[in-house]
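Values quoted throughout were computed directly from the atomic coordinates according to the rules given, and no laboratory measurement underlies them. Keep in mind it's a predicted model, so treat the numbers as computed, not measured. Every residue, glycine among them, receives a Cβ derived from its backbone with ideal geometry; neighbour counts consider all protein chains shown.
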Amino acid sequence: MALAGLSTLGVKLGYAVGATQPESFTELTRINAIGGISLSTEAIDASALVDEVTRRVAGRADTDETLPITINATNDTIAEWEAVITAFNGLTSGQEVWFEVYHPRLTKGFFFKAEPPKKLPMPEMGQNQLLTMEINVVVTEYVGMAAAVAPTA
């Protein structure tokens, strides 16, 4: 019998630097929300002069341009994201910043490559609210699902 569904409790976000898919990821802590990556397949017009109705073939899939990640803004989480930016700025030829969204009850994780922002944004602030920061990364490639790797501190 299939599970009714899964909670997002215990989900972790990790990052690593590599030219190929890394075998370990550093956990980014106190994540409140991770946006999804949707794929929409482009439709290519394959019509010819004889076609009275447009004919199409599937083209490449397109991802969202950016992915929002909301974090609890603390000295520790800010330092973690500054380390991501520093790692990105120190990339050598062929290296990229990889991210994994890890769910403890799934055997596969969600992997993507992305570029962090140049600077961390200033969060919105209001009365009696949790101080959070929305960090938008630019998705350079959605790799997809592969064997899960639990991120570590």
### Message
Counting only other residues whose beta carbon sits under 11 Å from that of LYS113, what net charge do I get with K and R as +1, D and E as -1?
### Response
-4
### Query
Stretch LYS118-GLU52 to full length: gain in nm at 0.36 nm per residue minus the Cα-Cα span?
18.8 nm
### Query
Which one, (i) 10, 34, 30, 15, 8, 3, 0; (ii) 10, 40, 38, 11, 1; (iii) 10, 31, 22, 9, 7, 6, 5, 4, 4, 2, 0, gives P(r) over Cα pairs in 10 Å bins from 0, in percent as derived from the coordinates shown?
(i)
#### Entry: Contour minus Cα-Cα distance for MET125 and ALA146 (0.36 nm per residue)
3.8 nm
### FRET efficiency for VAL17 and ASP45, using Cβ-Cβ distance with R0 set to 25 Å, rounded to 0.05
0.05
#### Entry: ³J(HN,Hα) computed for each position of segment 106-121 - Karplus, 6.51 cos²θ - 1.76 cosθ + 1.60, integer Hz, glycine/proline x
10, 7, 10, x, 9, 10, 8, 9, 7, 10, x, x, 5, 9, 6, x
#### Entry: Radius 11 Å from Cβ of ALA148, net charge of other residues (Lys, Arg +1; Asp, Glu -1)
+2
### Message
Using a Förster radius of 35 Å, what is the FRET efficiency between THR8 and ASN89 based on their Cβ-Cβ separation? Nearest 0.05, please.
### Response
0.65
### Summary
Once phi for every residue in segment 82-88 is put through the Karplus expression 6.51 cos²θ - 1.76 cosθ + 1.60 (θ = phi - 60°), the whole-Hz ³J(HN,Hα) values, with Gly and Pro written as x, are 5, 5, 4, 5, 4, 4, 4
### Segment ARG60-ALA153, extension gain: residue separation times 0.36 nm, minus the distance between their alpha carbons
29.8 nm
